[in-house]
Amino acid sequence: MDIAALREATPGCAHRVHLNNAGAALLSRRTLETMTGHLELEARIGGYEAATERLEAIEAVYTAIAELLGGRPEEVALFDNATHAWDAAFYSLAFRPGDRILTGRSEYGSNVLAYLQVAQRTGAEVVVVPNDAHGRLDTAALAALLDERVKLVGVSHVPTSGGLVNPAAEIGRITRRAGVPFLLDATQSVGQFPVDVQEIGCDMLTATGRKFLRGPRGTGFLWVRTGILDRLDPYVNETAASVWDGKRGFTWQPGARRFATWEMSYSNVLGLGSAVRQALDLGLDAIGERAVALGAALRERLAAVPGVRTYDLGLQRCAIVTAKVDGVPADEVKAALAGRGINVTTTAPEQSQFDTEDRGVHPLVRLSPHYYNTEEELDRAVGVLTGLARPAQPR
């Protein structure tokens, strides 16, 4: 990668150190111009007319996402965020009293709330699979829990609250053998390193555009394996999802688009497509290698600072790094970094309920570099934390 050129093509790099890519990464100029160009077209000729004129480019977004994931365009549906995409998949499953939903301790907070709601409504049970010795979902324990009561395994590939990478492919092998649907929340992994649905073996996958893909906010997508469609009943129906039969019935659209809605921001859709195509052009192997290496370098630097501790679990770790400065609240650390032009964020107990039950470490400072960041930027962030951890010496 030509890092200097990539940074030059990223306007935000000129005046900020952006270590909040797990929140929302910086748009490239290429993606920004794609979006503003479509808005200008809408302003000139009208929204419907602009969408019609750019129909081929809009359809190409589905193709790009399918290429990114190793699936097919008809298996992709677009949404305004990853949570709505995940909800569309999860709420299409039917649960009854005695059914079980298996998930892990690192599951994302919104997913947990949905599990709990459905459990209250239906009498299903939410079962948290324990972690293994490394903090990953214990696949042996998962396999032991799978029986006829289990109707779904739902797992976050990478949690919002740390650098853990769950063993998604092994989970996929186990669920395929058992014939149990596997819903993978890949919000923090897609765009950060290669994610291949065929290799993983999940049945449904959800992700966002705004994080490591470097797309705009207000974008998300769902991938659904064709073979699982007859087990899913979309919980929302409207004119884009189905075809009226002329009487009192309808048929679902083929493929994943039965889960989507008609209205969407085509400026955002085209921006997402631009970001996905840029990631494909750079290569996910190269992106993943650099992003993960920057995360490891940052984790190593922070672990060497007296008074700073890192909290990332797992055997394989990614570019998300969580840390705490002894005696300094996470919000104050974030504010100190912001005062030096460095973007980070913090974790929250309610975003990782099952992890909070287990470890009770949140809130933490979350730093998440991406491939366009530099080692010098990491050093700047570590320098600020070092200053907070060690009292200033009198002159």
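The values are calculated or read from the model by the stated rules, or taken from the named source; none is laboratory data. Just so it is clear, the structure is predicted and the values come from calculations on it, not from any experiment. No Cβ is skipped: glycine too gets one built from the backbone with ideal geometry, and neighbour counts run over all protein chains shown.
For the range 161-177, give me each residue that is assigned to a loop (DSSP other than H, G, I, E, B) and of a type in the set (Val, Ile, Thr). The one that is assigned to a loop (DSSP other than H, G, I, E, B) and of a type in the set (Val, Ile, Thr): Val165.
Just wondering, is there one or more residues in the range 241-248 that are among the hydroxyl-bearing types (Ser, Thr, Tyr), over 21 Å from the mean Cα position of the chain (by Cα) and at pLDDT below 95? No, that holds for no residue. Looking only at the range 141-167, how many residues end up being surrounded by 24 or more Cβ atoms within 10 Å (Cβ to Cβ) and small (Gly, Ala, Ser)? Selection size over the range 141-167: 5. Between Ala303, Ala335, the distinction of being touching a strand residue (DSSP E or B) at 6+ places or on another chain (Cβ under 8 Å) and free of Cβ contacts under 8 Å to residues at least 12 places away in the same chain belongs to Ala303 only.
Taking the criterion of being in contact with a His (Cβ under 9 Å, 6 or more places away or on another chain) and under 22 Å from Leu93 (Cβ atoms), the residues of the range 166-189 that qualify are Asn166, Ala168, Leu184, Asp185, Ala186, Thr187.
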